[in-house]
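Below is one structure; the comments refer to it alone.
The values are calculated or read from the model by the stated rules, or taken from the named source; none is laboratory data. None of these values were measured; they are calculated from a predicted model. Heads up: the accessible areas ignore ligands, DNA and RNA and are worked out on the full protein's heavy atoms, side chains in. Shrake-Rupley method; radii C 1.70, N 1.55, O 1.52, S 1.80 Å.
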Amino acid sequence: MNQATAPKLDAGDAQIWQRLTDLGAMAPSGDYVLAPTGPGPLDGLTFAIKDLFDVAGRVAGCGNPDWLRTHQPAKAHAASVEKLLAAGAKAIGGTITDELAFSLNGQNFHYGTPRNSAAPDRIPGGSSAGSASAVAGGACDFALGTDTGGSVRIPAALNGIFGIRPSHGVVDDRGVMPLAKSHDTVGWFARNADLLAKVGNVLLPPDAGDEAEFSTVYLARDAWALADVEVAAALIPARDRAVAAIGPAIDMTLAADCGGLSIWRQSFRFLQMREIWAEHGAWIEREKPKFGPEIAERFAMCKDAAAKTMGEEAELRQIVTRRLEDMLSEDGILVIPTAADIAPLKSMSAADSAGFRDRTLSLTCIAGLARLPQVTLPVALVKGAPVGLSLIARHGRDRALLALAARLAPEVCF
C-alpha cells in the first residue's frame, strides 16, 4: 500500500493537478509535489514523473494495481528525479504508464487512456502516455519517461512534442523499474527543443569522443518505405530542410543484406521478451496479477520466448551495432520517420493495433538494437494529427544531437 499522504497544495499546484486529472494523465499514486532542492538551470520549471520512477515514501505503481499492492514505498527518489530537483525544477505529480511499460498504445486497462491533446479521438502512444499527455496538454514544462522499444519516441511523435531516447546507459536509471535492461533508457519530453536540451544538460554526461560537427545525412530507403504514403509525403519537406542545414545526403538501405528491418524487429522483440521474463517472470508466476488482455498475451509470449533456445538474435544485434556505429562515425546523422503512421483511433481493431505496432517497432528497433540516441521533432500534420521526424546519432553524442535538434527546430518544425 502507498503509505504517503497527499500534500497540501497551493493554488497553483491545485490548478496543475486539476489539469492532469482533466487530461486523464495522473497515476493513482501520483498525487505528490516535490519541491526543488537547490537553485540551478531549471529554476521555475515544472515536471511530471512517469509512474515507474521511485519517489520517496511512495510506491511506483507501474500501471498495474497488483504491482502497487505487492511493493513497498521507495526509500529515496530515483537518481534522475534527484538531479532535476537539485537543478531547480519542481515535480508536480506522477503520470500513467501502460502496464509495466509494455505497450506502445498508451491505453491502460485499469486506469484509462490519457488525452492526446493534438488528436483527442486518437491514442496518445505509450508506454509513457501520461507524461506525453501532461507536456502536450500544458500541465507541466517537461516530463520524465522511459524508452525501451519506443515509449518516449512514439508518444512524443503522436502528441506533437519533442522527445529523446538517450544512448543506452548514459542516464542514471537507479530507482526506475526495469523492463528489459539492455534496452531500457530514461528519456524525457518537452514542447520545445531548447528545453529538451536544457534538461539534457542536467541529466547527461559530457559527450564521448571529439566534437566534430554533424555533416553527413543518411536516408535509409527501407526505413522510409515503412511509413504510410501520406506520412512520408508530409515528412519529406522537413527532411529536405534538415539535409540542407546539415550537409550532403547519402541514400542507402540499412538492412537489405541481413534479413530486412522486419527481421531486425523480430530479433529485437525476441531478445526483449527473454529479458522481460527474466526480470518479471517470477513475480508474475507468484502473484498472478490481473493484466489487460493485450498485456497478458505479451507476457505469455515472453514466457514462451524464455523457454526457447537462443538463435542468431544476439549475433544480429552485434552486426547492427557495428554497422550503425561505423556508418555514423563522428559526423553522421540517420534521418527516419519516428512512427509509421499517425496515431490510430482509440477505437482501432486488434488487427490495426498489431499492424501499427509491427511497422513502428521496425523503425524504433534501429536505435534500440544499437543502443543509440534518437530525438524526435514534430514537423507536420496529417489528417490533423502530428507526425515526427527522427534524428539518430552515434552512441554517446547525446548533447550534440540535442543541440542539432535545437538548431534545426526553427527550420523544420510546425
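Net length available on complete extension from Thr253 to Asp10 is 82.0 nm, with 0.36 nm assigned per residue and the Cα-Cα distance removed. Considering all alpha-carbon pairs of the chain, what whole percent are spaced by more than 33 angstrom? Summing the P(r) of the chain above 33 Å gives 26 percent of all pairs. Compactness ratio for the stretch 186-290: Cα radius of gyration over 2.2 N^0.38 Å (N = residue count) comes to 1.53. For the stretch 126-227, just say rounded, prolate or oblate: build the C-alpha gyration tensor, square-root its eigenvalues into a ≥ b ≥ c, call rounded for a/c under 1.5, and beyond that prolate if a/b exceeds b/c, oblate if not. Rounded, since a/c falls under 1.5. For a distance above 18 Å, tell me the whole-number percent of Cα pairs in the stretch 276-402 that qualify. Everything past 18 Å amounts to 67 percent.
In whole percent, and with a 1.4 Å probe on the protein chains, what portion of the accessible area of the stretch 318-414 is carbon and sulfur? The value for the stretch 318-414 is 53 percent carbon and sulfur by accessible area. Estimated from helices alone, the mean residue ellipticity of the chain at 222 nm is -13000 deg cm²/dmol (sum of -39500 (n - 2.57) over DSSP H runs with n ≥ 4, per residue). Across the cross-link table entries Lys50/Lys83; Lys50/Lys346; Lys181/Lys303; Lys50/Lys75; Lys50/Lys181; Lys90/Lys198, which are compared at the Cα atoms, the separations over 19 Å belong to Lys50/Lys346.
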